[in-house]
Amino acid sequence: MNKAGERLFNGLIKENPTFVLMLGMCPTLAVTTSAINGCGMGLTTTAVLVMSNMIIALLRNIIPDKVRIPAFIVIIASFVTVLELLLEGFLPSLYDALGLYIPLIVVNCIILGRAEAYASKNPVIPSLFDGLGMGLGFTLGLTCIGMVREFIGAGQIFGFQILPLADAAKGVTGYTPVSIFVLAPGAFFVLACLTALQNKVRIKAAAKGNVESAKKLSCGTDCATCGNTGCGGKFYDTSINDDKKKEE
Amino acid sequence: MKELLIIAIGSALVNNVVLSQFLGLCPFLGVSKKVDTAAGMGTAVIFVITLASAVTGAIYQFILTPLNITYLQTIVFILVIAALVQFVEMFLKKFMQPLYQALGVYLPLITTNCAVLGVALTNVQKSYGILTGVVNGFATAAGFTISIIILAGLREKMEYNDVPKAFQGMPIVLVTAGLMAIAFCGFSGLL
């Protein structure tokens with residue numbers, strides 16, 4: 001049980017996919033126009049992540065090493081299809097809001113990253129909790145970004161009006177929403193501030209002599225598809241090494 | 001013809017794949033340090049997306065629809081795209097050395113590019129035919145190329161700027177991308 005708690009903590013805080021690893025940036029930017037959309041996307045991804053991690057951990061000794069990536073992709077894509085059909089049937093409003101980004105969960109690097117880095121090497125129960133932790137961490141990140149964008153862009157949080165809006169016609173003074181924040185450019189600005197904040201923390205850590213943090217400095221993309229090979233802080237490699245270190 | 005042109009302009013500029021739909025962000029941010037690598041990546045993306053839209057469109061129309069298994073589209077498309085990229089890489093290596101030299105390094109990076117799957121799924125969602133799908137795919141990829149080259153040009157100039165320490169590297173690139181997205185919002189009056 002201790003191990004399960006540790007995996008949950010790891011996903012939620014220590015290796016939070018949005019704030020620390022900066023993985024899965026496409027859905028992070030695209031669906032966080034409101035807190036509820038971000039939350040829905042996060043929970044959908046969590047469901048896929050938990051199921052795929054579980055199945056991959058179950059099959060980890062059966063899948064041959066050479067074809068493991070295609071096998072993982074088929075497993076992930078199957079669960080995404082299941083989820084897509086379920087959402088279409090039971091939560092049509094969320095289905096419409098997320099649209100194209102539901103099938104695109106397949107190419108979300110968090111899921112394949114966890115399958116490769118954790119589930120393919122560990123037993124079922126820890127893998128399940130690893131998926132749950134990572135998924136909830138992702139949900140947390142998306143919901144937070146969604147809340148910031150919705151608050152600045154519309155004065156609302158989860159659809160509730162927090163700041164009373166100004167109405168020039170009636171002469172009511174109040175908040176004038178910065179609508180650019182719910183549009184595409186706002187997503188880039190929010191993420192830019194987030195990465196800058198993260199850099200700030202890492203610069204401090206680097207000044208204290210933490211080399212690992214300094215290495216990861218100012219990389220906002222996910223390493224799986226990043227063309228910049230000079231970074232040396234490959235997500236796959238580091239998390240595998242971390243796990244090895246823990247075992248030692 | 002007019003319809004195709006409208007779709008092309010719409011996907012290339014108005015609904016730019018990176019700046020308004022956030023697909024293919026990873027290569028957009030990762031491979032935009034220099035203009036010539038950005039151009040190489042852009043060409044490779046145009047090549048793969050155009051080919052992938054043709055192949056997925058044909059598979060959807062001639063295999064999935066007659067067999068009534070269109071709900072399997074996500075699984076089928078992702079596998080077809082992954083196989084296609086591998087195949088293209090092998091084909092170019094064997095028969096078109098110069099092209100392989102130019103695009104080879106970028107091809108493996110494209111497999112996981114969500115723009116490829118995104119275009120294939122958009123084509124199906126909007127029930128485009130094969131020809132319209134190919135045009136849409138080409139235009140989308142052209143839009144990607146335009147924006148990645150612009151960003152690379154800006155980043156080359158930014159090397160000489162005095163950026164606040166915390167904003168150095170990725171954050172300032174994201175701010176730039178945000179400003180580009182505002183500029184691209186201006187295209188929405190085009191159609």
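The values are calculated or read from the model by the stated rules, or taken from the named source; none is laboratory data. Everything numeric here is computed off the predicted structure, so don't read it as measured data. Note that we place each Cβ from the backbone using ideal geometry, even for glycine, and neighbour counts take in every protein chain shown.
Looking at A:THR33, A:THR28 in this structure, which one is within 30 Å of A:ALA154 (Cα to Cα), surrounded by fewer than 23 Cβ atoms within 10 Å (Cβ to Cβ) and not small (Gly, Ala, Ser)?
It is A:THR33.
Among the listed residues B:ALA177, B:ALA181, B:ALA166, identify the single one that is within 7 Å of chain A (Cβ to nearest Cβ), without any contact (Cβ under 8 Å) to a residue 40 or more places away in the chain, surrounded by 14 or more Cβ atoms within 10 Å (Cβ to Cβ) and assigned to a helix (DSSP H, G or I).
Just a single option satisfies the conditions, and that option is B:ALA166.
Using the structure shown, decide if B:LEU51 is at pLDDT 85 or above, surrounded by fewer than 23 Cβ atoms within 10 Å (Cβ to Cβ), touching a Phe, Trp or Tyr at 6+ places or on another chain (Cβ under 8 Å) and away from every other protein chain (no Cβ under 13 Å).
no
For region A:155-170, indicate whether the set of residues that are closer than 26 Å to B:ALA115 by Cα and either at pLDDT 90 or above or surrounded by fewer than 21 Cβ atoms within 10 Å (Cβ to Cβ) (or both) is non-empty.
No, every residue in region A:155-170 fails to be closer than 26 Å to B:ALA115 by Cα and either at pLDDT 90 or above or surrounded by fewer than 21 Cβ atoms within 10 Å (Cβ to Cβ) (or both).
Could you count how many residues in region A:36-59 are over 16 Å from the mean Cα position of the chain (by Cα) and either crowded, with 24+ Cβ neighbours inside 10 Å or over 21 Å from B:LEU79 (Cβ atoms) (or both)?
4
Please enumerate the residues belonging to region A:21-44 that are of a type in the set (Val, Ile, Thr) and within 14 Å of chain B (Cβ to nearest Cβ).
A:THR28, A:VAL31, A:THR32, A:THR33, A:THR44
Are there helices (runs of 4 or more DSSP H) fully within region A:1-113 with at least 3 residues that are touching a Gly at 6+ places or on another chain (Cβ under 6 Å), touching a residue at least 60 places away in the same chain (Cβ under 8 Å) and not small (Gly, Ala, Ser)? List them.
Ranges flagged: A:35-58.
Identify, by number, the condition in (1) within 13 Å of chain A (Cβ to nearest Cβ); (2) closer than 20 Å to B:THR122 by Cα that B:LEU5 doesn't meet.
(1)
One line per residue, one yes/no per condition, for (1) among the polar types (S, T, N, Q); (2) within 16 Å of B:LEU72 (Cα to Cα); (3) away from chain B (no Cβ under 14 Å):
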| site | (1), (2), (3) |
| --- | --- |
| A:LEU86 | no, yes, no |
| A:PRO103 | no, yes, no |
| A:ILE110 | no, no, no |
| A:TYR118 | no, no, yes |
| A:ASP130 | no, no, yes |
| A:PHE138 | no, no, yes |
